[in-house]
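What follows draws every value from the coordinates through simple rules; no lab data is involved. In this text, all values refer to a predicted model and were calculated from it rather than measured experimentally. FYI the Cβ positions are ideal-geometry reconstructions off the backbone, even for glycines, and counts take in every protein chain you see.
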Amino acid sequence: GAIPGLREGVVDPQDEGSQLVALLLGAKPGEHVVDYCAGAGGKTLALAAQMRNKGRLVAMDVDHARLERGAPRRKKAGVDNVQTHVIEQGKDKWLKRRKRTFDRVLVDAPCSGVGAWR
């Protein structure tokens, strides 16, 4: 049977592993948090929910296309506290300037979910 709301985009299925990883970080409203291996944004959405869409959340990945796939998901979820950044190979000046400015850092490497395999 069909899952109510799935076709309409109301429901966004999530991988349990990535959701648990995000939950363990314990992000709080008002914090400055970074999700290093954000991909299409499952963990980022979970972190934004924990933060009640308050504070600053940076979704980062080495792949621009993966980060872009998260934009419509964030829009549907009403998330507006997320900034994205593509990690540059070698020395990333943007990242270096933000050294020690995050309250919490999530590095899920290798990714705990199987979304990258699908």
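When the chain is described by a simple charge dipole with +1 on each Lys and Arg Cβ and -1 on each Asp and Glu Cβ, the residue from Gln50, Trp94, Val62 located farthest towards its positive end is Trp94. The gain in end-to-end length when the Ala109 to Trp94 segment is fully stretched comes to 3.3 nm, 0.36 nm per residue minus the alpha carbon separation.
Multiplying the residue separation of Ile3 and Val62 by 0.36 nm and removing their Cα-Cα distance gives an extension gain of 17.9 nm.
Cα centroid separation, segment 70-104 to segment 1-47: 15 Å.
Using C-alpha pairs below 8 Å separated by at least 6 residues, the relative contact order for the chain is 31 percent. Here the Gaussian network model covers the chain, with springs between Cα atoms less than 10 Å apart; of Lys76, Lys93, Lys43, Lys93 fluctuates the most. Listed by number, the DSSP H helices of the chain that run 15 Å or longer by alpha-carbon position along their axis and have mean Kyte hydropathy of at least -1.0 come to an empty list. Structure note, pairs Lys54/Lys99; Lys28/Lys96; Lys54/Lys76; Lys76/Lys96: Cα-Cα distances above 28 angstrom occur for Lys76/Lys96.
Dimensions of the chain from C-alpha coordinates, computed as largest minus smallest value along each principal axis and given longest first, are 50, 30, 23 Å. The aspartates and glutamates whose alpha-carbon is closer than 18 Å to the alpha-carbon of Lys91, local same-chain residues fewer than 8 away aside, are Asp61, Asp63.
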